[in-house]
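Heads up: the structure comes next, in structure tokens.
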Amino acid sequence: MFHIVEHNAAMESTLGEFEQLVLIAVVRLDDGPYGATIRREIEERTKRRLSISAVYTTLDRLERKGFVRSWIGEPTPARGGRRRKHFALQPAGARALRAAYHAFGAMTAGLERRLKTL
Amino acid sequence: MTLIERLALAIIKITAPASDREWIVGDVLEERERIRARDGDGVARRMILDDAVRGVGTFARTRWTLARRTGPRGDGFMSNLLHDARYALRLLRRSPGFTVTAMMTLALAIGANTAIFSAVKGVLMSPLPYPDPDRLVRLFEESDRTPHFPMAPADFRDYRNELQSFAGLAAFVRGDLQIGDPGHPEQLRGMQVTSGFFGVLGYRPMMGRDFEAADEIPGNDAVVILSHALWMRRFSGDAAVIGRSVRLSGKSFRIVGVLPQGVQHVGSTYRSYGHGEPVDIWSVLVVPREDRPGLRYSHFFNVVARLRPDVTWAAMEEDLRRTGQSVARRYPVSPSPWRSRAVPLKDEIVGTAESTLMALGGAATAVLILACINVAGLLLGRGVGRGREIGVRAALGATRVRLTRQLLIESVVLAALGGAIGIALAYGAIAALSRFGPSDIPRLESITVDTQVLLYALVATIASSLLFGLAPALRLASAGVAETLKESVRSIAGSPHHRIRRALAAVQLALAFVLVVSSGLLFRSFVAMITTSPGFEPAGAITASIELPVARYDLDASTAFYARAAERIRGLPGVVDAAFTSDLPWTGYDENTGFTILGRPDNDDGTEARYHFITPGYLRSSGVPLVAGRDLTTSDIKDAPLVILINESTARKYWTSAQAAIGARVNLWGFERTVAGVIGDVRDMPWNGHAVPALYFPVAQTWQSQRMLLVARTNVDPTSTIETIRHALQELDPELPMVNPRPLTAVAGAAMSTRRLTLWLVGVFGITALVLAVIGIYGVMAQAVSQRAHEFGVRQALGATAADIIRLVFSSATLMTSAGLIAGVALALVSTRLLASLLYDVTALDPLTFSMVAVLLAASAAVAAYLPARRASRISAADALRIADSC
């Protein structure tokens, strides 16, 4: 009846699928990417349309987990005087991404051809 | 940026999380610029619209997740809601008596409101099924004596030529046609229309063409347009049907058009099928080009017209006035000037239904209020026993808001259950209405339960739940912890809570009074209607419709046919007498003519009567009595002296008595005729106390080609004679269909069917209201008694008798009841006026009905108060004191 037990924020070290894509994009765009460029990168490569809010929500979550850090950039006239929020990979994020990559590689070892022709 | 892009950007702004809004919007703008430079404006616009849509989706998903989650991360709204709802259902299941009572009360009230709302919406509010329906009007002619007449053909021709305000005018008159092989003839429902009729309404034939001006010339007029249903049924949907000939009513017609599905006839109550009734076949209504007196004095064209888009109503009326003056000058002899009048088509179709529906709507709303008050009372009563439960919750930390919300959700759940059943009831009621309902309800087919109606039901449900749930919820939730955990819940009878309940019970009594009085008035009207002698004898007679096609029967042949047919049918087993007549009573027949009485100064002002055509035997067949003189006989034939029959009203109006009228000479339609007999009056309509002056021509001597009705009096069940009569007619003419055979009682009953339905509905509301009010009073009194149990115990211990206790209880009930009745009488004095048009032989403020209902309600209230009072007096003093202490 009463929710007395607190709901703790879990210290997750695993990455969701979308979080992986975002982190990989941050790695790829190593010149201080921001939301628009990250989204563009994922859309162009995966051919999926994304919501900009979803991208930022994921980046916020990654920042809370300590996988990325952010800083506010200068306003530009093209954005109507609004500032940019840039992101960069953190060591914890690099570790999580490497672990995910290795796990994926281990699972898919030897299955490349079959996975491609599924 | 275009407006729609600005709108999309605004949506993106709103749906973005507040902390990230700045860079989200900035990113969108930057991206848009990039796309615009690369791919152009169109792609850029699509991109930003897409982003807006996705933004809304993300926003909704996040809110939903938060709402379902409880705890610091989510607000738990949804999960609390579901939890409260489940708890409410559990509580309701535990007290089935209360739940079922409350649910059924609400179901009836919400169901009634939903059904009536759908009727109001369908009949009054929804637009007519034509393009731009507000531009359609019906045109009538009026003189000082006649306010609402169809147009005369020559007038119609002149108006059509000269009026400026209309994009089109067309006239329509009923014209059935007969089709089929010998032995299987069928009478098609037909209308005759002038050129451009469908264009005026806004329809275009699916194949072929509309009627044109050239078709209106006699000789060119043997053309027909098929309805879609007839085309499928009789012509197998043949695409090559245009130009084919078809034999109808003994003549050859050429098919020039086929209508699409869904064509709705405009309709009229005079010489036409009603609005929305199916029409099988359309033929041409010839508009005469010459000018004869008959074409100016015979008013039988129904006219519909479409206003030009840019013309105002005032401009149109001015146009009508001017043209009317010009037309009136063409009358060779002008008794009183004829003017033209326009009525919006919708008003003409809906007619008197508006006041009936409004009255029913008021009744249904009153019942809903009553139901809510009752359920509120039930909840309050239940709430007394829940003090402990609420107290525990409050002690464990539930806020007042939380408690109130939970209690309100209980009300909503209760209302939702009742509402769901109510909607199902409404569905059923409307389905029953469409199938078995009176046929003269206008636009019956538009009464459906659609999204709007369901929305209304939903709003009514929620509003009701708030209405009956808010007060008990607030009261219960605001009670302090200590107070509710107290051992004895003893509240004084004069507490504000109890006063409110008594006031509500008085309100219920007042509303019930209004509804019961209304039912009483309608009931007395109905009884008066059916017990007053109609002037004819509906029971024991069968009727059918016969139309002799002009192409095969001239005047003499028709007369001979009717005489032969009547004789043949008279000889059938079970048939006592048979005759043909131009019309049956109470069907809205209204053909009038002027006449002059010989030997009196020329008075063509006001000497007029309704005329009918009958064959000998009509009096016995229809049950109309002969009052003076003689009936028509088979000797009253063409070359014999011309005679007519008149009714008592005519005799009384123009001669002093029936006897005095016998032998009088009148001039009708250019010939002198003798009044041979006076027959009894037939009421104009069931709810008219009077009869219209009427004349009856013998068909053999004077007749206008038209559909005739067979009336046969039987000494067996009338329906059993249908087949033998059909067979006899077939022998006389195998190509002649017998249409719509039905007992005369069905004809008479149909006229009263709408009023019967209204009476039934208001009656149901009245009874429901009475029951609810009585329950309400009982509930209040029972609660009052239980709360005063201690006091009664003390009084009894001090020597009060049972009678004293009862008297005490009654005196507190009397104030409440009197207040309720007085309020009820005041309310009824104002609201029964709405019923005035439905009443017969009884006024809206009839003192007898008012007093009887007042007595009935006072007695019911007394019984409702007596039961708890008796229970109170039965409890011994010791018990009462003990009960009070252990509360």
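Observations
- Across chain A, counting alpha-carbon atoms alone, Rg and Dmax equal 17.2, 54 Å.
- Longest segment of chain B lacking GluC sites (Glu not before Pro) that sit in a DSSP loop with at most 10 other Cβ atoms within 10 Å: B:488-887
- FRET efficiency, B:Ala826 to B:Met104 (Cβ-Cβ, R0 30 Å, nearest 0.05): 0.45
- Taking 7 Å steps out from each Cα toward its Cβ at B:Ser818 and B:Ile722 produces label points 6.2 nm apart.
- Equivalent ellipsoid dimensions for segment B:185-239 as semi-axes, Å, which come from the Cα gyration tensor, largest first: 20, 15, 11
- Inter-probe distance in nm under a simple model that places probes 7 Å from Cα toward Cβ, at B:Ala315 and B:Ala802: 8.5 nm
- Segment B:750-763 - phi-based ³J(HN,Hα) in whole Hz, Karplus 6.51/-1.76/1.60, Gly and Pro as x: 4, 5, 9, 5, 5, 5, 4, 5, 4, 4, 4, 5, 5, x
- Per residue, the convex hull volume that the Cα atoms of segment B:46-165 enclose (Å³): 268 Å³
- Neighbour-limited loop hits for trypsin sites (Lys or Arg not before Pro), segment A:33-118 (at most 13 other Cβ within 10 Å; DSSP other than H, G, I, E, B): A:Lys47, A:Arg48, A:Arg49
- 28 Å tail of the calculated P(r), segment B:224-371, as % of Cα pairs: 48 percent
- Chain B, relative contact order in percent, only Cα pairs under 8 angstrom and at least six apart counted: 15 percent
- Ordering B:Val716, B:Ala751, B:Gly680 by Cα displacement along the dipole of segment B:630-751 toward the positive end leaves B:Gly680 in first place; charges were set at the Cβ atoms of Lys, Arg (+1) and Asp, Glu (-1).
- Look at the stretch A:45-57: the mean tally of other chain Cβ atoms within 10 Å of its residues' Cβ atoms is 6.
- Subtracting the Cα-Cα distance of B:Glu212 and B:Arg400 from their residue separation scaled by 0.36 nm leaves 60.0 nm.
- Kirkwood Rh and Cα Rg combined as Rg/Rh, segment B:725-845: 1.40
- If you sort B:Thr596, B:Thr615 by accessible surface, 1.4 Å probe, largest first, the order is B:Thr596, B:Thr615.
- Segment B:773-818 and segment B:354-405 have Cα centres lying 25 Å from one another.
- Per-residue mean of foreign Cβ neighbours for B:52-63 is 3 (Cβ atoms of other chains, 10 Å radius).
- Cleavage-rule hits, trypsin sites (Lys or Arg not before Pro), segment B:490-598, DSSP coil, Cβ neighbours within 10 Å at most 12: none
- Against the main long axis of the alpha-carbon atoms of chain B, helix B:722-732 sits at an angle near 30°.
- Modelled this way, with points 7 Å down the Cα-to-C-beta line, the labels at B:Thr593 and A:Arg61 are 9.2 nm from one another.
- Taking the C-alpha atoms only, the angle from helix B:41-68 to the longest principal axis of chain B is near 50 degrees.
- With DNA, RNA and ligands ignored, accessible area of B:Leu521 (1.4 Å probe; Å², nearest 10): 0 Å²
- Positive-end residue, chain B charge dipole about Cα centroid, Cβ charges, pick of B:Pro641, B:Leu108, B:Gln192: B:Leu108
- Counting only DSSP H runs of at least 4 residues, each contributing -39500 (n - 2.57), and dividing by the residue count of chain B, the helix-based mean residue ellipticity at 222 nm comes to -17500 deg cm²/dmol.
- Comparing the full protein assembly with the isolated chain, the residues of segment B:16-31 losing at least 30 square angstrom of accessible surface (1.4 Å probe) are B:Asp20, B:Glu22, B:Trp23, B:Ile24, B:Gly26, B:Asp27, B:Leu29, B:Glu30, B:Glu31.
- Straight-line cross-link reach from B:Lys121 at under 19 Å between alpha-carbon atoms covers these aspartates and glutamates, not counting any fewer than eight positions away in the same chain: B:Asp132, B:Asp134, B:Asp347, B:Glu348, B:Glu354, B:Asp440, B:Glu445, B:Asp450.
- Each of B:Ser465, B:Ile421, B:Gly274 was placed along the dipole of the protein assembly as shown (beta-carbon charges, centred on the mean Cα), and the one lying farthest toward the positive end is B:Ser465.
- Around B:Gly540: net Lys/Arg minus Asp/Glu count, Cβ-Cβ under 13 Å: -1
- Theoretical ellipticity at 222 nm over chain A - DSSP helices of four or more residues, -39500 (n - 2.57) apiece, nearest 500: -16000 deg cm²/dmol
- Once the Cα atoms are used to define both axes, helix B:21-39 deviates from the longest principal axis of chain B by about 40 degrees.
- Between B:Glu142 and B:Arg289, the FRET efficiency estimated from the beta carbon spacing at R0 = 25 angstrom works out to 0.45.
- Largest to smallest in accessible area, the residues B:His727, B:His275, B:His790 fall in the order B:His727, B:His790, B:His275 (1.4 Å probe, all protein chains included).
- For A:His86, the solvent-accessible surface computed with a 1.4 Å probe is close to 30 Å², ligands and nucleic acids excluded.
- Mean separation of Cα pairs under 8 Å and 6 or more residues apart, divided by the residue count, gives chain A a relative contact order of 26 percent.
- When the alpha carbon gyration tensor of chain B is reduced to an equivalent ellipsoid, the three semi-axes, largest first, read 65, 43, 24 Å.
- Here the contact order of segment B:724-855, divided by its residue count and restricted to Cα pairs under 8 Å and six or more residues apart, works out to 13 percent.
- For a modelled paramagnetic label at B:Met1, 7 Å from Cα along Cα-to-Cβ, the residues of segment A:43-87 in reach, with backbone nitrogen under 19 Å, are A:51-54, A:75-85.
- Theoretical FRET efficiency, 1/(1+(r/R0)^6), r = Cβ-Cβ of B:Ala746 and B:Phe810, R0 56 Å, to 0.05: 0.60
- Rounded accessible area per residue of segment B:126-197, 1.4 Å, Å²: 34 Å²
The values are calculated or read from the model by the stated rules, or taken from the named source; none is laboratory data. Here the structure is a predicted model, which is why all the values come from computation and not from measurement. So basically every Cβ, Gly included, is an ideal-geometry build from the backbone, and we count neighbours across all protein chains shown. Remember, those area values only see protein heavy atoms, side chains included, never the ligands or the DNA or RNA. Shrake-Rupley method; radii C 1.70, N 1.55, O 1.52, S 1.80 Å.
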